[in-house]
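The values are calculated or read from the model by the stated rules, or taken from the named source; none is laboratory data. If you're wondering where the values come from, they're calculated on a predicted model, not measured in any experiment. Note that we place each Cβ from the backbone using ideal geometry, even for glycine, and neighbour counts take in every protein chain shown.
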Amino acid sequence: MRYNSHMPNQPARIFLMKLLLTIILGTIFAISQSGCIPGPVAPEHLRILFTTDTQGNFTPCGCSGGPRGGIQARSTAVHHERESAPGAVLLLDTGNFSTGFVTDIERTKAEYVTRAMAQLNYDAVNVGRFDVRRPRGGVLSFNQPGCPLTSAGYTYLNNETAGEEFSYPSSVIVDIDGFKIGIIGAPMDDLDESRLGFENEPTTTGPELLNHMKSIIGNENVQIIILITDNSMPWDNARLTSSRFKLASIIIAGQSAPLNHTESKSGEEISHPVFIPRAQSWGRSLGVLDLEMSRSGGIKSYSLRYIDLNEDVEKDPAFDGMTAEYLAAIDAPATGIPEIAQVGYIGSASCRDCHLHEFETWENTRHAEAWETLESLDRLRESTCIPCHTTGYTASESLPSRMVPYELRAVGCESCHGPGEPHKLFQEWRLYGELTGEDRVVDETDPIIRWPDESTCVQCHIPPHDEGWIYNTKIQRVLHD
Ligand code: HEC
Ligand code: HEC
Ligand code: HEC
Ligand code: HEC
């Protein structure tokens, strides 16, 4: 038998089969030991860069301790952190890229911020509670090409188009060499303990979010989930809430972390999901989270730090053009600005006539220079700076500087004492009556605020503009002694 002549004899054949079996079993054992199961493998190093609460601040903010942030500084830091990363990099924003105010200027600012985010190649941008303004107003139904907005499956009603519905994609799926990361955005309300729908409130958002997580794991073969949210509960509360979303590996949420906040953990120290406090508001810093992952995407260790985007960070010239365009755009004649009638405000100069002493003590404080401060920084075009550096506006109003009457360009007497016109008239008539004996004051009390309390001050003295507010100390500086 020709063919048989090459066949091994019986014992040799058994030996060969045994050998083959040993090799196969051995290989399977080796594969299972090494964890080298065929299929997507997580990147060994993943760097997550994140920003938060930009609130339309395309240019640096007016924060106490000096202006920070701005797209140009952000870009420099992002490029640096990308280049120095040991492995894959994600760039995320946890929400509130806009203030959500319905004015042309705020819309323009948000448009430029999202344009810049597209240019910086963000992987996902959460739609925060400001961006949709309550009630689920959806003031800004943004659709900026290249800016990957995400909001976990909720539908918003557009105020501007008589309740037309719109929604953003529930998640963004990033594929790193076959390893899929699902990034889900959720506005604050939907994670709020009291609104979770698990316990007290009849909403379904908590379970909806969980369902979406399950669905992208099941249907899209997502290996790990990152939840990004502008949720700003106290940390303990946020940790409790995060524990409800065990399907997520990482949750970036919670209160603005201080600039010097760092954290690093490994092995047993790590709680799941990993809870990461958001960066400072107004886009003042860049969060850098470095992860070491196992092949299946488990987190072996992580370290977190923040980069302070202060004035020492070089402004990326790549955004010079867009910045010039932006400044021109917010300076353009605007329409749709609400008419803010400064009813009864007459300006500090009118008070001077009868209150020279108080005027002089006031003139000695920074309040009198508040407008010049903005002017010296070339920030008069920034509608969000105006309300607190002028008189008679509230921080919720957003308006261009040219609408501020000359007399109200400072934190004047009436910022603390209230509109002065009725008081001036009252006193004038009273003095007139005293002089002429003719009583023209009828049944009226003087409406001026005699002793402004702390609630007056904290209309303006709030973070990030004032980080170290202590009423008892600061009030001393403004008394008219
Ligand atoms: C026509 C003169 C006149 C002008 C203008 C005037 N005041 Fe007066 N104001 C008075 C007089 C007079 C009193 C004292 C009333 C009293 O003692 O009962 C007074 C009292 C006050 C008080 C203390 C109120 C109190 O109950 O003791 C405040 C605060 C005040 N003025 C603020 C202002 C501010 C702010 C302006 C400018 C917007 C202003 N005044 C403009 C005449 C004036
Ligand atoms: C309308 C907004 C506004 C209100 C209301 C306000 N402030 Fe201010 N305050 C400012 C601004 C803006 C500055 C900084 C001005 C600058 O440096 O350009 C400031 C500065 C100050 C300073 C530093 C002053 C100095 O000369 O060093 C003190 C102290 C202060 N405010 C206390 C108070 C107190 C106390 C109250 C309430 C009784 C109050 N402010 C109400 C906006 C406000
Ligand atoms: C919500 C009110 C508010 C808004 C809005 C606001 N500021 Fe201020 N700003 C303040 C207060 C209050 C202070 C005084 C802080 C203190 O006494 O420490 C201040 C102080 C400043 C200072 C002086 C800081 C220092 O340390 O000398 C600058 C500069 C400044 N603001 C710029 C801006 C710019 C630019 C904007 C707009 C991007 C802006 N502010 C918007 C309330 C505000
Ligand atoms: C930052 C807030 C603030 C500003 C701005 C301010 N005041 Fe006052 N003012 C106070 C406080 C607080 C008191 C009560 C304490 C005191 O009497 O000094 C007061 C008291 C007064 C009184 C009553 C004083 C008395 O002894 O009866 C007058 C009048 C007055 N202010 C006028 C003015 C005038 C005029 C200006 C502007 C030129 C002005 N204030 C600006 C906070 C302010």
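For segment 344-383, enumerate the residues that are under 24 Å from ALA328 (Cβ atoms) and within 13 Å of ligand 2 (Cβ to nearest atom).
Those that are under 24 Å from ALA328 (Cβ atoms) and within 13 Å of ligand 2 (Cβ to nearest atom): TRP371, GLU372, THR373, LEU374, GLU375, SER376, LEU377, ARG379, LEU380.
Quick one: would you say LEU259 is surrounded by fewer than 21 Cβ atoms within 10 Å (Cβ to Cβ) and either assigned by TED's automatic domain parsing to the domain that holds LYS315 or at pLDDT below 80 (or both)?
yes
Against the conditions (1) away from ligand 2 (no atom under 16 Å from the Cβ); (2) at pLDDT 90 or above, where does TYR471 fall short? Just the number, please.
(1) is the only condition that TYR471 fails.
Does segment 405-441 hold any residues that are of a type outside the set (Val, Ile, Thr), under 18 Å from ILE386 (Cα atoms) and either surrounded by fewer than 15 Cβ atoms within 10 Å (Cβ to Cβ) or more than 9 Å from ligand 1 (Cβ to nearest atom) (or both), and which are they?
PRO405, TYR406, GLU407, LEU408, ARG409, ALA410, SER415
Okay, residues lined up against (1) out of contact with any Cys (no Cβ under 8 Å at 6 or more places or on another chain); (2) closer than 27 Å to GLY128 by Cα; (3) of a type outside the set (S, T, N, Q):
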position	(1), (2), (3)
LEU247	yes, yes, yes
PRO258	yes, yes, yes
SER281	yes, yes, no
SER294	yes, no, no
ARG305	yes, yes, yes
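Could you check LEU479 against (1) surrounded by 11 or more Cβ atoms within 10 Å (Cβ to Cβ); (2) near ligand 4 (Cβ under 10 Å from one of its atoms) and say which number it fails?
(1)
Considering segment 266-316 alone, what residues qualify as being hydroxyl-bearing (Ser, Thr, Tyr) and either out of contact with any Asp or Glu (no Cβ under 8 Å at 6 or more places or on another chain) or farther than 18 Å from ALA85 by Cβ (or both)?
Of all residues in segment 266-316, those hydroxyl-bearing (Ser, Thr, Tyr) come to 266, 271, 281, 285, 294, 296, 301-303, 306.
Within segment 266-316, SER266, SER271, SER281, SER294, SER296, TYR306 meet the criteria.
What residue, among those in segment 241-296 that are outside any loop (DSSP other than H, G, I, E, B) and among the β-branched types (Val, Ile, Thr), is nearest to VAL313 (Cα to Cα)?
VAL288
Would you mention how many residues in segment 442-462 are more than 9 Å from ligand 4 (Cβ to nearest atom) and either assigned to a helix (DSSP H, G or I) or farther than 22 Å from THR391 by Cβ (or both)?
Just the residues of segment 442-462 that are more than 9 Å from ligand 4 (Cβ to nearest atom), to begin with: 442-447, 454-455, 458-462.
When the remaining residues are screened for being either assigned to a helix (DSSP H, G or I) or farther than 22 Å from THR391 by Cβ (or both), the result is 442-445, 454-455.
Qualifying residue count, segment 442-462: 6.
Return the residues of segment 51-105 that are at positive phi and in a helix (DSSP H, G or I); say none if nothing qualifies.
Listed by number, the list is empty, since nothing qualifies.
Just one of VAL222, VAL139 is more than 15 Å from ASP123 (Cα to Cα), part of a loop (DSSP other than H, G, I, E, B) and at pLDDT below 65; which is it?
Values: VAL222 fails: at pLDDT below 65.
So the residue among VAL222, VAL139 that is more than 15 Å from ASP123 (Cα to Cα), part of a loop (DSSP other than H, G, I, E, B) and at pLDDT below 65 is VAL139.
Yes or no: SER455 within 16 Å of ligand 2 (Cβ to nearest atom), in the same structural domain as TRP362 (by TED's automatic domain parsing) and surrounded by 11 or more Cβ atoms within 10 Å (Cβ to Cβ)?
Spelling it out, it is not the case that SER455 is within 16 Å of ligand 2 (Cβ to nearest atom), in the same structural domain as TRP362 (by TED's automatic domain parsing) and surrounded by 11 or more Cβ atoms within 10 Å (Cβ to Cβ).
Being in the same structural domain as ASP316 (by TED's automatic domain parsing), under 30 Å from LYS180 (Cβ atoms), at pLDDT 60 or above and in contact with a Lys or Arg (Cβ under 9 Å, 6 or more places away or on another chain) is the requirement here; does THR76 meet it?
Judged against the criteria, THR76 is not a match.
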